[in-house]
Every structure is written in C-alpha cells, then in structure tokens.
Number of protein chains: 2
Amino acid sequence: MSAAVSISRMTIIGVGLIGGSLARAVRRNSPAVEIVGCGRHLPNLQRAQELGVIDRHETDPAQAVQGADLVVVAVPVGSIEGVFAAIADNLAPGAVVTDVGSTKGNVVEAARRRLGGRLADFVPGHPIAGTERSGVEASFAELFHGCCVILTPLAETRRPAVERMQALWRLAGARVVEMDVRHHDQVLAATSHLPHLLAYTLVDSLARMDDSEEIFNYAAGGFRDFTRIASSDPALWRDICLANREAMLDMLQRFSGDLAAVTQAVREADGERLVQIFARAKEVRDRFATKGKVRSEE
Amino acid sequence: MSAAVSISRMTIIGVGLIGGSLARAVRRNSPAVEIVGCGRHLPNLQRAQELGVIDRHETDPAQAVQGADLVVVAVPVGSIEGVFAAIADNLAPGAVVTDVGSTKGNVVEAARRRLGGRLADFVPGHPIAGTERSGVEASFAELFHGCCVILTPLAETRRPAVERMQALWRLAGARVVEMDVRHHDQVLAATSHLPHLLAYTLVDSLARMDDSEEIFNYAAGGFRDFTRIASSDPALWRDICLANREAMLDMLQRFSGDLAAVTQAVREADGERLVQIFARAKEVRDRFATKGKVRSEE
C-alpha cells in the first residue's frame with residue numbers, strides 16, 4: 001500500500017466501526033503505515049490501541065493530523081463540520097482529507113465553509129458498508145470486501161487526491177465509483193435512509209401497543225431481518241436524517257403516497273391490484289438479490 | 001410418532017414449502033406413516049414423490065382424504081374453503097383436520113360453513129415458519145425446529161384432536177401455544193402481514209423511479225435484509241391481505257399515523273424527537289433479537 005498510495009502516516013478521526021475497519025484493512029495490507037487515532041472518548045482510543053487497530057492516539061484533532069499524509073474523518077455526519085474547523089490550519093502540505101459520511105451534501109457545504117484553501121485536497125467519500133453494530137470492537141478488516149465506495153469529488157478537488165482515495169479503498173477490497181453529490185444523497189435516501197426510518201418507525205409503533213411484549217414473542221425470522229437496521233445507532237441516524245432532510249422528505253412523500261394506494265387496495269379488497277404490486281416487487285427484488293453479494297449497508 | 005400421535009395415514013393437501021416440510025418431518029420421525037400428497041399441479045406432486053416427501057399422490061381432495069387419520073390443509077388461505085367443501089363428506093370417522101394458514105378468522109368462518117358436523121375434529125393451526133421461497137423443492141424437515149405453532153381451537157373442537165396436533169408439531173420440533181382466533185389475527189397483522197406489505201410497497205416504490213436500475217446497484221446488506229420478505233409469493237400474500245383485511249387496516253392506520261409523525265419530526269429538523277423514537281426502537285429490537293433464535297416467518 002505504501003507504494004500504491006504513498007502514505008506514511010494516516011490519521012483516523014473517529015475510531016468506530018468504519019474508521020476502525022479501515023485502519024485494520026490498511027494495517028493488514030501495509031504494516032509500515034503509522035496509524036494515529038483521534039476521538040473524544042479516551043477509553044475507546046485506548047481500547048483501539050490495545051486491539052492494535054491504531055499505533056497511538058490523540059484527543060485533539062489539530063494535534064492528531066500533524067504530519068499525516070491522509071486524514072480520514074469518520075465521525076457521525078453531525079460532527080464533521082467541527083472536525084474540519086479544528087484541523088483546517090494544521091494539515092500537512094499535500095495531505096489528502098476524506099470522510100466516510102452517509103450523506104454528502106451537508107459534508108460538502110461544511111467543507112466549503114471550513115476547509116478554506118484546502119478544498120482541493122478534500123475527497124468526499126461514502127463506503128456503503130456497515131452493520132447495525134457500532135464501535136471499534138465491532139470493526140474488522142474485511143468490512144469493505146466487495147462493498148461499493150462512492151466518491152463525490154468537487155470541481156475543485158485535485159485529481160491525484162481522488163486517485164489516492166481510489167487506490168486506498170481498492171486495497172481495502174472495495175470497488176469505487178464517482179457520483180454527483182446531489183445524486184448520491186437521493187440514491188442513499190431511497191436505498192438506505194428511508195428503509196432505516198421505516199424500520200425504526202415500525203418497531204416503535206409496535207412497542208407502543210398495549211400487548212407489545214406478547215406481540216414480539218410471535219415475531220420470527222422475517223420480522224427479525226426486516227427490523228435488523230432498527231438496531232443501528234440512534235444518534236448516527238438522527239444526524240443522517242437531519243443532514244439529508246430534503247431527499248428524505250421527497251422519498252417519504254413518495255412512499256407515503258404509495259402506501260396510501262396499497263392501503264386503498266386492501267380496503268377495497270382489490271386482489272388484482274395487490275398481486276400486481278407484489279409481483280412487480282418480487283421480480284425486482286429477486287433480480288437484485290442475485291447480484292454480487294455485498295456485505296452490509298450503513 | 002405413530003405411538004405418540006397414532007397416525008397411520010396422513011394426507012397433505014398442498015405439498016409446498018409448509019406442507020412438504022411437515023411431510024419431511026413426519027417421515028423422518030415416523031417412517032411407518034403413509035403420506036398422501038394432494039394438489040392441483042401434477043408435476044409438483046410427481047416431484048414431491050420423486051423427492052420421497054410423499055408416498056403417493058391424488059389430484060382429487062375427496063379421494064386423497066379417504067382413510068386418512070390426519071388431514072393437513074396446506075394450500076394458500078384463499079383456497080382453503082374450497083378444499084373444506086371438497087373433503088367434508090369424505091373424511092374417515094375420527095379423522096383430525098388441520099390447516100396451516102397465516103390467517104385464522106377467515107379459515108374458521110370457512111370451516112363453519114363447510115365442515116358441518118366435523119367441526120369438532122377441526123384444529124385451526126399456524127406454524128410461524130417459512131422462508132421467502134416456496135414450493136416442495138424449498139421444503140426441509142428442520143423448518144419447524146424451534147419455531148412457534150399457534151393453534152386456535154374453537155369452542156366445538158374436541159380436546160383429543162387438539163392434543164394430537166400438539167404432539168405432531170412437537171415431534172416436528174416446534175413449540176405450541178393456543179390463542180384466540182381474533183387475537184392471532186391481530187398479532188400476525190402486526191409482526192408479519194404489515195411488514196410484508198411495507199417491504200413490497202417499498203421495493204415497488206423504488207422500482208417505479210426513473211433511475212431504479214441504478215438505485216438498486218447501491219443497495220447493500222441492510223436493504224437486502226429489509227426487503228427479503230418482498231421476495232415472497234405474491235398470490236399467497238394477496239390472499240393473506242384479503243383474509244385479514246380488518247386487522248391489516250387497523251395496523252396500516254396505526255403505522256401511517258406514526259410515519260406521519262416521524263415525517264413531521266424530519267421536516268421540523270426535530271433531532272430530539274427522532275433520537276427518542278430511534279432509541280426506543282433500538283432498545284426493543286435489541287431485546288427481542290437476543291431471544292431464542294427462531295428460523296423464519298411466514
């Protein structure tokens with residue numbers, strides 16, 4: 001990796017599931033790279049160091065990025081702007097900055113406000129990987145194997161910085177695509193943010209029923225899979241909902257309209273309409289389910 | 001099994017995932033029981049016989065039930081009434097009749113209309129097991145291991161008939177509970193029927209977007225799990241929606257109201273409200289996910 005991506009020191013700000021897994025992947029492929037971890041919770045950083053995920057740690061982002069060739073901002077999307085503000089004046093010359101946020105519009109706006117003259121070195125990124133678990137304990141080097149990483153470079157972004165990130169993610173086992181910022185946020189609202197909101201809403205809806213304890217006793221495998229993403233980190237998903245509010249509201253409006261139509265078909269006992277919708281959904285779902293297996297989604 | 005449940009001939013009408021899996025479980029535990037398969041599609045019956053799931057087959061239900069101690073009606077809920085009508089006058093004295101339908105109110109009504117004097121021998125049942133796959137090829141003897149079977153006996157049902165079904169399902173590896181018909185339909189609307197409807201609606205909603213092909217390219221593990229149940233049999237689920245219409249509409253109204261409230265919170269950027277809902281859902285979901293692992297759900 002040192003050869004391919006020319007890194008001697010990488011700083012990861014936010015050593016959780018994603019940051020920790022990327023550190024592990026780099027460590028496995030390029031043991032010579034020094035990995036500095038940074039975060040607000042000292043016990044988590046100490047644990048990451050015990051696990052060998054990072055070489056050393058700092059709690060001050062401005063300190064942590066000094067001398068690093070690559071800075072990965074892997075904090076929840078609501079905290080990214082503060083990190084940008086803290087590091088902007090302390091980045092080494094030529095250092096590449098990237099993030100792993102699940103939304104990109106708000107991150108790019110934050111970068112424009114906070115990274116100032118270093119915008120050309122910023123490569124917005126989003127590995128579509130994750131599990132419902134969080135924290136460095138849940139991290140593993142293979143998390144990105146076969147997953148898709150979306151980069152949304154700006155007009156200002158230097159091409160070599162993009163290529164550096166492409167090389168890094170490929171070494172971690174991912175395939176890399178580039179996409180427009182706005183389009184990224186629409187696509188992810190559809191396939192990730194809306195499903196998370198639906199899963200959270202359903203579980204909460206049932207949990208507030210009188211006989212909820214009993215109800216969950218009869219929930220089986222299908223329900224368990226359907227609601228797995230409702231076990232995701234609440235603060236992280238609050239941030240995502242707020243950060244991608246416009247695209248979320250578009251998708252919510254679309255889905256609610258479609259659900260109202262399905263409800264109407266049930267009310268009218270319109271079996272023909274129901275089977276048409278179900279069959280179309282099954283056909284599409286069967287088709288994409290057989291495509292290359294990707295580990296998981298954030 | 002012969003000793004425990006005193007069966008010498010069992011007829012399974014509808015040799016699909018559920019009927020086929022029950023046949024396999026009985027075959028494994030009691031090879032002496034003769035298993036007669038019945039269905040409308042001859043090739044499926046022939047395949048079931050080739051696979052050793054059944055000993056012989058009939059396409060006429062009235063013929064198929066002759067001399068059977070136990071008749072399992074394992075056809076989609078929309079087809080159960082017709083089967084009851086066809087077999088009522090041909091049941092052997094003392095034969096127990098059961099079904100495996102995912103809804104019970106409509107099945108009980110059909111039994112009252114069609115089984116006449118044999119109502120005392122009817123034990124409505126619902127194994128909460130299944131996968132999104134269907135057909136005898138997908139069946140396997142372990143499907144019911146650790147799963148829950150709900151029996152909803154009527155006031156008229158003979159107690160020995162209920163006990164016979166309890167013994168049968170326990171031999172297949174399931175735990176058995178009894179429940180009121182109406183309560184069964186409410187519980188299943190919440191944990192199974194509504195989630196299926198949401199999964200179908202979401203996939204169809206995305207499939208009708210302009211860039212749907214591209215969108216599904218970026219759908220990963222979380223989405224795959226969330227939508228797995230949208231790969232279920234459309235006709236089966238149409239039947240279930242129609243059969244359990246009242247309870248479904250109650251749940252749909254409840255869910256839609258809650259989704260509107262969540263949408264409002266997103267619109268108002270009310271992060272506190274969102275994190276409250278998400279955290280409550282995560283807590284409940286984490287709790288039931290750690291309970292005894294049940295295979296899957298229909």
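The heavy atoms of B:Y218 offer some 30 square angstrom of accessible surface to a 1.4 angstrom probe. Taking the helices alone, chain B has a mean residue ellipticity at 222 nm of -14500 deg cm²/dmol, built from -39,500 (n - 2.57) per DSSP H run of at least 4 residues and averaged over all its residues. Taking the Cα centre of segment A:113-266 as origin and assigning +1 to Lys and Arg Cβ atoms and -1 to Asp and Glu Cβ atoms, the resulting dipole is close to 800 debye. For segment B:105-215, the ratio of Cα radius of gyration to the globular rule of thumb 2.2 N^0.38 Å stands at 1.38. For segment A:40-127, the fraction of C-alpha pairs more than 22 angstrom apart is 25%. Based on C-alpha pairs under 8 angstrom that are at least 6 apart in sequence, chain B has a relative contact order of 18 percent.
Taking all protein chains as shown and a probe of 1.4 angstrom, B:K282 keeps an accessible surface of around 60 Å². Semi-axis lengths, largest first, of the ellipsoid equivalent to chain A are 38, 21, 18 Å, with √(5λ) applied to each eigenvalue of the Cα gyration tensor. What the Cβ-Cβ distance of B:R175 and A:D180 gives, at R0 = 56 Å and to the nearest 0.05, is a FRET efficiency of 0.60. Each label point was placed 7 Å from the Cα along the Cα-to-Cβ direction; for A:A32 and A:R158 their separation is 2.1 nm. For segment B:244-255, putting each phi into the Karplus relation 6.51 cos²θ - 1.76 cosθ + 1.60 with θ = phi - 60° gives couplings of 10, 4, 4, 5, 4, 5, 4, 5, 5, 5, 4, 5 Hz, in residue order, rounded to whole numbers and with x for Gly and Pro. Chain A's nearest residue to the axis relating it to B, judged by Cβ and reported with the distance in whole Å, is A:D225, 2.
The same position A:D211 in the other copies lies at 4.6 nm from this copy, comparing label points 7 Å beyond Cα toward the beta-carbon, shortest first. Suppose the Debye formula is applied to equal point scatterers at every Cα of the protein assembly as shown; what is log10 I(q)/I(0) at q = 0.09, 0.10 Å⁻¹? Summing over Cα pairs of the protein assembly as shown leads to -0.74, -0.86. Projecting the Cα atoms of A:T290, A:W237, B:T98 onto the charge dipole of the protein assembly as shown, computed from C-beta unit charges around the Cα centre, puts A:T290 farthest toward the positive end. Between the alpha-carbon centers of segment B:188-236 and segment A:152-200, tell me the distance in whole angstrom. Between the Cα centres of segment B:188-236 and segment A:152-200 lies a distance of 23 Å.
The same position B:E178 in the other copies lies at 7.0 nm from this copy, comparing label points 7 Å beyond Cα toward the beta-carbon, shortest first. Average accessible surface for the protein assembly as shown: 36 Å² per residue, computed with a 1.4 Å probe over protein heavy atoms with every protein chain in place. If the Kirkwood radius is taken over C-alpha pairs of segment B:140-298, then at 10 °C and 1.306 mPa s the Stokes-Einstein diffusion coefficient equals 85 µm²/s. Within the assembled protein chains, the solvent-accessible surface assigned to B:E156 is about 80 Å², based on a 1.4 Å probe.
Within segment A:149-200, all pairs of alpha-carbon atoms sorted by distance into 10 Å bins from zero give the percentages 22, 40, 29, 8, 0.
The values are calculated or read from the model by the stated rules, or taken from the named source; none is laboratory data. No experiment lies behind these values; they were computed from the predicted model shown. Cβ: placed from backbone, ideal geometry, glycine included. Neighbour counts: every protein chain shown. Remember, those area values only see protein heavy atoms, side chains included, never the ligands or the DNA or RNA. Shrake-Rupley method; radii C 1.70, N 1.55, O 1.52, S 1.80 Å.
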